[in-house]
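The values are calculated or read from the model by the stated rules, or taken from the named source; none is laboratory data. Not measured: the values here are computed from a predicted model. Positions of Cβ are generated from backbone atoms using ideal geometry, with glycine treated the same way; all protein chains shown enter the neighbour counts. To get the accessible areas, we keep the full protein, side chains included, count just its heavy atoms, and leave off ligands, DNA and RNA. Shrake-Rupley method; radii C 1.70, N 1.55, O 1.52, S 1.80 Å.
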Amino acid sequence: MRQGDAEYEAALDETMEILRYWAREGRTDGWYKSLSERLKAKGHHVHYRGPIISHLLSDACRRDSEGIEPMLSSIVILKATSRPAGQFFELASGAPFHRRAADWTWEEERARVFARYRES
């Protein structure tokens, strides 16, 4: 699987469906490993510690938001820390999101995702 190929695009579509479902449920236990297992059950073999899952989550955010909307992948966390991985925070600080630590927390971002998807 490579970023941009048909298999990747199918996995991205499924990733977005899973994340939106979790967001509507308000799930706070959306671990990387759980996402990987759900993708595998749908025929997409994406390891939870590999680079592809990071690309999928970044692309899901970009597809779901033009920057002002909440970042969908904020609901995916590491089981060990109960926080997103470092790649999430790198994504959040760059374009088009431009989240700044001085006036932003991922917990607030996650709450905004939950609110957005509970309304829809």
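Given 56, 36, 4, which one lies farthest toward the positive end of the charge dipole of the stretch 2-59, if we put +1 on the Cβ of every Lys and Arg and -1 on the Cβ of every Asp and Glu?
Of the listed residues, the answer is 36.
In Å, what is the Rg of the alpha-carbon atoms in the stretch 33-104, and how long is Dmax?
12.6, 41
Please compute the Kirkwood hydrodynamic radius of the chain from all pairs of different C-alpha atoms, in Å with one decimal. Please report the intermediate quantities before stating the final value.
Numbers: mean 1/r = 0.0703 Å⁻¹.
One decimal place: 14.2 Å for the Kirkwood radius.
Take the Cβ-Cβ distance between residue 107 and residue 2 as r, set R0 to 30 Å, and report the resulting FRET efficiency rounded to the nearest 0.05. Please list the in-between numbers first.
Details: r = 34 Å, r/R0 = 1.12.
So, using R0 = 30 Å, E works out to roughly 0.35.
Which percent of the accessible area of the chain is formed by carbon and sulfur heavy atoms (probe 1.4 angstrom)? Working shown, then result.
Numbers: 3230 of 6570 Å².
Its accessible area is 49 percent carbon and sulfur atoms.
Non-local amide H neighbours of residue 31 (under 5 Å, H modeled in plane, Pro and chain starts lacking H): which ones?
77
Give me a comma-separated list of calculated 3J(HN,Hα) values for the stretch 91-99, in order, Karplus coefficients 6.51, -1.76, 1.60 applied at θ = phi - 60°, integers in Hz, x for any Gly or Pro.
After applying 6.51 cos²θ - 1.76 cosθ + 1.60, I find 4, 4, 7, x, 6, x, 8, 6, 7 Hz.
Rolling a 1.4 Å sphere over the protein heavy atoms, what is the accessible area per residue of the chain, to the nearest Å²? Please report the intermediate quantities before stating the final value.
Working: 6570 Å² over 120 residues.
On a per-residue basis, 55 Å².
Mind checking which lysines have their Cα closer than 17 Å to the Cα of residue 79? Skip sequence neighbours fewer than 8 apart in that chain.
Reachable lysines: 33.
What distance in nm lies between label points placed 7 Å from Cα along the C-beta direction at residue 28 and residue 63?
Going by the 7 Å Cα→Cβ label model, 2.8 nm.
Enumerate the amide H contacts of residue 83 below 5 Å, restricted to partners 5 or more residues apart or on another chain; note that Pro and chain-start residues carry no placed amide H.
Those qualifying (amide H under 5 Å, at least 5 residues apart or on another chain) are 78.
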